[in-house]
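Structure record follows, encoded as structure tokens.
Derivation of every value follows stated rules applied to the coordinates shown; laboratory data play no part. Here the structure is a predicted model, which is why all the values come from computation and not from measurement. Neighbour counts are summed over all protein chains in view; Cβ atoms, including those assigned to glycine, are modelled from backbone coordinates with ideal geometry.
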Amino acid sequence: MTADHPNTPHENEASLPLGKDVSYPRDYNPALLFSIARAQGRAQLDALAQGLKLPFIGWDLWRGYELSWLKPGGLPATAILKVWVPCDSPFIVESKSFKLYLNSLNHTVFADTVALLGCLERDLNHAIGAQARMALVLPADFEQEPIEELLTGCLDEQPISITDYQPNAELLNNCTAPNVKTEHVFSRLLKSNCPVTGQPDWATLHIGYHGQAIDHTALLKYIVSYRDHQGFHEQCVERIFCDIMNRCQPQTLSVYARYTRRGGMDINPWRATPGTEPPNLLRSAQQ
């Protein structure tokens, strides 16, 4: 492993690997990781544009299903990689560059999984400008990665008409009732598009809150309004969190998106009011 780190995270979008033909990496190369400043997306949100304290806690859970490397004798090994990127990191990593980076490990020899995790931590922490939490799921533990599908709280079977396919926070105006409740609802109809390639990104969106009851029809219309929106996964979830907080003003709020796998990876951003317990990490059937 001789490749050097870039001196600073990438900021030139001209070198972004998305939407381009990129050669399959044969050799280990941490410089493949392409960092994107979170400030770019947050500058468009009134609640975040001033650079004040974040109104939420959370992380982005990345799962890499195509992680492979060589044992000292040359025998390949494989595992699922889990990375929790804190929401206060200054950078995220563009997903295709993350996949290319993981592929660059395919012919790299590691003495053991401790050495592998040390390499991953060093490279990814450098790319995001913060400390990420990481874990490996080895094949012997694959059976401990079950699928979970909720049966109650689904918003999607409402007989409603939809006209908005760009994010419209005004759909949440006057959508609360006087009664206070604690509720968890979800929708499998969140769709946004990659801001570079235009390819669709699909997710199951989970919303939990305590406060004045939120009208389900208005909430589903708002979720579906992202259908033609171009934005990275993390940016969409932060916008949803801020819009619900601003328009509905719940006392507590949790927004968690389980995006479907693309290119051997899925991304699961979670944002919540401070003190909220994190969601479980089980996969949906679409992941």
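Values for this structure:
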{"read-out": "Distance in nm between pseudo-label sites at A135 and A77 (7 Å out along the Cβ direction from Cα)", "value": "1.8"}
{"read-out": "Most to least packed among 145-152, 191-198 [average Cβ atoms within 10 Å]", "value": "191-198, 145-152"}
{"read-out": "Amide H contacts of D201 (H built 1.01 Å from N, under 5 Å, at least 5 apart or other chain)", "value": "S192, N193, C194"}
{"read-out": "Protection proxy ranking of 276-282, 155-161, 220-226, 265-271 - average other beta-carbon atoms within 10 Å, highest first", "value": "265-271, 220-226, 276-282, 155-161"}
{"read-out": "Between segment 142-165 and segment 187-223, the alpha-carbon center distance in angstrom", "value": "10"}
{"read-out": "For segment 169-272: Kirkwood Rh in Å [reciprocal of mean 1/r, alpha carbons]", "value": "13.8"}
{"read-out": "Relative counts (whole %) of C-alpha pair distances in segment 13-144, using bins that are 5 Å wide", "value": "2, 10, 18, 22, 18, 14, 9, 5, 3, 1, 0"}
{"read-out": "Members of K82/K191; K71/K99; K82/K221; K99/K221; K53/K82 lying beyond 29 Å, as alpha-carbon distances in this model show", "value": "K82/K221; K99/K221"}
{"read-out": "Ordering of 88-97, 73-82 by packing [mean C-beta count within 10 Å, highest first]", "value": "88-97, 73-82"}
{"read-out": "Residues with amide H under 5 Å from that of C87, placed H, sequence gap 5 or more", "value": "G58, W59, D60"}
